[in-house]
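Report on the following structure.
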Amino acid sequence: MRRREFIALVGRAATTSPTLWPLAAFAQQPERLALVGFLHIGAADIFVPIVSAFRKALTEAGFVEGKSVAIEFRWAEGRYERLPDLATELVSLRPVLIVAGGGQPTALAAKAATLTIPILFVGSDVTDSGLVASKPCQARSRASPTTMPPASS
């Protein structure tokens, strides 16, 4: 009987002790979704087709929003002076990738905000703007010029 009483006592202590409760919290943590940051100079309501195409492309690549990937959008709404703060805000969220759309100012703000997070520059000539040294560097760089096809209806 003593052994059962001892086990019960240890069990009660473990469940009521404030120093042991935090350890229980580490038992099963939900898996963190891959976060993609999306930075654009424009306003969200104007670029609905672009965002739809972006989400569709992610889904086709096997990334389901809310299940395997989360997207954080930051829109400068035409105010260039907001880009550095928005880019820094995205970097603080620790995304796995930042998509910088809307041309050179957005790409430069994203590049200035991080040296470690890969950046996909959309709608910017990365060579002429000085974002990469030369076209052969694009393969080794975190810069990747691309254009998104228009969303189909």
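Conditions (1) assigned to a helix (DSSP H, G or I); (2) under 12 Å from residue 39 (Cα atoms); (3) touching a helix residue (DSSP H, G or I) at 6+ places or on another chain (Cβ under 9 Å); (4) not aliphatic (A, V, I, L, M), marked per residue:
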site: 51; (1), (2), (3), (4): yes, yes, no, no
site: 59; (1), (2), (3), (4): yes, no, no, yes
site: 70; (1), (2), (3), (4): no, no, no, no
site: 86; (1), (2), (3), (4): yes, yes, yes, no
site: 91; (1), (2), (3), (4): yes, yes, yes, no
site: 94; (1), (2), (3), (4): no, no, no, yes
site: 100; (1), (2), (3), (4): no, yes, yes, no
site: 108; (1), (2), (3), (4): yes, yes, yes, no
site: 117; (1), (2), (3), (4): no, no, yes, no
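Taking the range 89-116 as the region of interest, how many residues are surrounded by fewer than 23 Cβ atoms within 10 Å (Cβ to Cβ), free of Cβ contacts under 8 Å to residues at least 60 places away in the same chain and within 12 Å of the chain's Cα centre (by Cα)?
5
Restricting to the range 54-67, what's the tally of residues that are among the aliphatic types (A, V, I, L, M) and at pLDDT 90 or above?
Result for the range 54-67: 0.
The values are calculated or read from the model by the stated rules, or taken from the named source; none is laboratory data. All figures in this text were calculated on a predicted structure; none of them were measured in a lab. When we count neighbours, we look across all protein chains shown, and the Cβ atoms used for this are built from the backbone with ideal geometry, even at glycine.
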